[in-house]
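Below is one structure, written out as C-alpha cells; the observations come after it.
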Amino acid sequence: MKKIAFFLLFICPLALLGQGTGIPLGSQSYHILDRLEIKSKLNTPFSSSIKYYARGEALRFALMVDTANLDLTRLDDHDLDYLFQDNNQWLRKYESEMPLELGAAVPLSKKVYTDSTQTFYTIQDREVAERDANKSRFRSAKKPLLKYFYKTPANLFELNGEHFYLKINPILNFKIAKQSEEEEFIFLNQRGVELRGAIDNKVYFYTHILESQARLPDYARELVKRDKAVPGAGFFKPYESSIFNVKEGYDYLTAQGYVGFNVTKHINVQLGHGQNFLGNGYRSLFLSDFATNYFYLKLNTQVGKVHYQNIFAELSAISAREEKGDLLLPKKYMAAHYLNYKPFHNLSIGIYEAIIFSRNNNFELQYLNPIILYKTVEGALGSPDNALIGLDVKWNLFQRFSLYGQLMLDEFKFDELFLNRNNWWANKYGIQLGLKYIDVLGVDHLDGQFEYNMVRPYTYTHRDSSASYSHFNQALAHPLGANFKEFIFKLRYQPLKKLVIDTRLLFMETGEDGDTTNWGSNILLSHNTREQDFGNLTGQGISTKIMIAGIDVSYQLFHNIFIDFHYFYRKKDSALASRDRTTNYFGGGVRMNIVNRPLDY
C-alpha cells in the first residue's frame, strides 16, 4: 500500500495552486463558514460535505462575503476577522486579486504600453488601491513578543516568503471536573505542537503531535474496556497520578501529519495519517472523526461545480491491547470515493461508495481504480468484501435555513424491504435528517440545529468481523455503531464577540447486546452470529435509553486561547437494572490552539 502511494505521488508533475493545509476538524471556523454560506447566498469554493476545508478556500470565501454588498452585523464582521487572521498566509495576495464586483476578476495593476518595443509602465487602479489601503484585513503586531513571536495574532512563530511559509503554534489543553459520587477527578492534560507550511504553492505539509493524560467519565471508561481503545486516540497505557488522585487514567500519544501536492490547478494528491469527515451534520453516517487516526492516500479533483474525492486507507482490524507483546496488528483496507455536485449555489448532492476488505495485509490492487463503481469490482472478485453506498443532500433556504440529510445503504433486497416487509436482518441501512436555523427569531448569532439519525441492526457489520466498518475497534461512522435512533437538539449563542454559549440535548434509543447475544448493536461482531433472520427492529435487544444534556461556555482571551466551563449530564436507563448509570459533572479549563470535543455517546 505504501509503495503504491509513494509511486502515485511522485510520478505526478507539480503545477499551479490548488488545495493547501486544512482547518482542523471541529474548529469553530466550520460553524462560521456555515453561517456565512447560508446568509450570503454566495457560491462557496469548497464543498461543505467534504471536510476538512482547505484554508485557502475558506479565506477566498470569507473575502467574497466581505466584498459583497451584504447586510452584515458587527458579530459577522468579527467572525470574518477570525477567519482572516487564522488563515493570513494568503490574505494580502487574495485581497489584491478580489474583483471589485463579484464575478469578474480585476487586476491590482494595469500595464500600459508606450511604444512598439513593448516597454510599459504600471499604473494602479485607484479604486482598488484605496480599497487595499483602507480595508485590508491583514493585521500584524506593533510590538511582537521578543521581536520574533506573535508577529500576527494567530501564530507564535511564522516565516513568510514569496515561495515559502511556515507557521508554528503550541497546543495546550487542561480540563478538570468533579463527577458526582466519585472521589477521583475527571481531567484532561494535553501538550503538543502544530506545524504547517508550503513551498512554491505546490507542496504543502502539516503535522500535529499531542501528548495526553486523561481520566474519562465512567461511561467512557466502560467503552474503553469494551473496545480496548480510547475514543479518538486508540492505543493507550495505564496512568496514575497522586497529584490529581487518579488511579484509572490513560496515557496516550497521538499524531497527525500529511504532505500534499497540487498536481494541477484542479487536482490535488495528499498522503497522510489522520481523520476525514463527510457530511453536514453533527454526526456522519458515511465517515466521521470518531475513530483514531489512520494512514490514507487522498485525491481531490475539483472542477467548477464538481468535487470528487478518493480515499485509500490502511486500517487496523483489531485494537493493540487485544494482542500481548509487541506484535504487528492485522490490517484491513478501505477504498472510498465521494462525488459532490452543486447544480445551484444553494443545493448540493453527493454520492458515496466505500469498500472495506481484508487480504492478509495486502491491498487489493483493483480497488485503486479511482473512477470505477467499486461494487462491480467487488462482485467480480466473488463478493467477499463489505460494500456501502450512500446519498447526501444539502439545501439552503431563505438565507436562514439549511436542510441536510444522508441515506446510507449497507445491504438490502428490494422485495424484502418493500414487498414482504418481514424485517429481514440484511436490510441494513441508515438515515439522517437535519435542519440548521441561523439567527433564530431574528436574534443575531443565536443558531439552532436539529438532527435525527437512525441505523438498522447489523448495519456496518460483515460476515468476516475483520471487515466491519471500523478502525482500531472504533466505528468509522456513528459512535453508537448500529441498532439505534437518535434525536439531537443544539443551540449556540454568541452574545459577545469573544463569548460563546453552546448547549445540546441528545436522546438515544438503542438495543444493546447481551453477554452472549448479538442483536446488531456492536459492529465488531460478525452478522453470522445474529439472533434471528426475520423480525429485526431498530432498538431490539436490551432496550436502552440515553439522555445527554451539555452546556459549554467559552471565552476567547486572545486568538485561539480560550477559558472554558462545562456542565454535563448523562442518564442511561436500561432494561437490565445493572446497566443503569447516571453521570453528572461540572468543570472547566484552559485550551490553546485545540478544539473542544464533547464526549457525546
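The values are calculated or read from the model by the stated rules, or taken from the named source; none is laboratory data. Because the structure is predicted, anything quoted here is derived from the model rather than measured. FYI the Cβ positions are ideal-geometry reconstructions off the backbone, even for glycines, and counts take in every protein chain you see.
The table below lists the values:
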| item | result |
| --- | --- |
| Search result, residues across region 565-594 that are assigned to a strand (DSSP E or B) and under 25 Å from Ile171 (Cβ atoms) | Phe565, His566, Tyr567, Phe568, Tyr585, Phe586, Gly587, Gly588, Gly589, Val590, Arg591, Met592 |
| Residues being surrounded by 13 or more Cβ atoms within 10 Å (Cβ to Cβ), without any contact (Cβ under 8 Å) to a residue 40 or more places away in the chain and polar (S, T, N, Q) - total across region 236-269 | 1 |
| Criterion violated by Ala335 - all others in (1) among the small types (Gly, Ala, Ser); (2) in contact with a strand residue (DSSP E or B) (Cβ under 6 Å, 6 or more places away or on another chain); (3) touching a residue at least 40 places away in the same chain (Cβ under 8 Å) satisfied | (3) |
| Verdict on Phe562 being aromatic (Phe, Trp, Tyr), in a strand (DSSP E or B), without any contact (Cβ under 8 Å) to a residue 40 or more places away in the chain and surrounded by 14 or more Cβ atoms within 10 Å (Cβ to Cβ) | yes |
| Residue, farthest from Ser212 (Cα to Cα), within region 573-601, restricted to residues that are touching a residue at least 40 places away in the same chain (Cβ under 8 Å), out of contact with any helix residue (DSSP H, G or I) (no Cβ under 7 Å at 6 or more places or on another chain) and among the charged types (D, E, K, R) | Arg579 |
| Matching residues in region 459-474 - criterion: being closer than 18 Å to Phe412 by Cα, touching a helix residue (DSSP H, G or I) at 6+ places or on another chain (Cβ under 8 Å) and of a type outside the set (D, E, K, R) | Thr461, His462 |
| Scope region 391-422; condition surrounded by 16 or more Cβ atoms within 10 Å (Cβ to Cβ), charged (D, E, K, R) and within 26 Å of Leu36 (Cα to Cα); matching residues | Asp392, Lys394 |
| Cβ-Cβ under 6 Å pairs, at least 6 apart or on other chains, region 209-226 side at pLDDT 90 or above, far side polar (S, T, N, Q) and in a strand (DSSP E or B) | Leu210/Gln190; Leu210/Thr254; Ser212/Gln190; Gln213/Asn189; Pro217/Thr583; Asp218/Thr583; Tyr219/Thr583 |
| Members of region 453-492 found to be closer than 30 Å to Leu75 by Cβ and not basic (Lys, Arg), listed by number | Phe487, Ile488, Phe489, Leu491 |
| Selection count where residues are buried (at least 16 other Cβ atoms within 10 Å of the Cβ) and more than 30 Å from Phe398 (Cα to Cα), scope region 330-349 | 7 |
| When residues of region 176-220 are limited to those that are among the acidic types (Asp, Glu) and part of a loop (DSSP other than H, G, I, E, B), the one nearest to the chain's Cα centre (by Cα) | Asp200 |
| Neighbours by Cβ (under 9 Å, 6+ apart or cross-chain): first from region 48-59, acidic (Asp, Glu); second assigned to a loop (DSSP other than H, G, I, E, B) | Glu57/Gln19; Glu57/Gly20; Glu57/Thr44; Glu57/Pro45; Glu57/Phe46 |
| Residues of region 271-293 satisfying the condition of being part of a strand (DSSP E or B) and buried (at least 21 other Cβ atoms within 10 Å of the Cβ) | Gly272, Gly274, Leu278, Leu287 |
| Matching residues in region 468-498 - criterion: being hydrophobic (A, V, I, L, M, F, W, C) and under 23 Å from the mean Cα position of the chain (by Cα) | Phe472, Ala475, Leu476, Ala477, Leu480, Ala482, Phe484, Phe487, Ile488, Phe489, Leu491 |
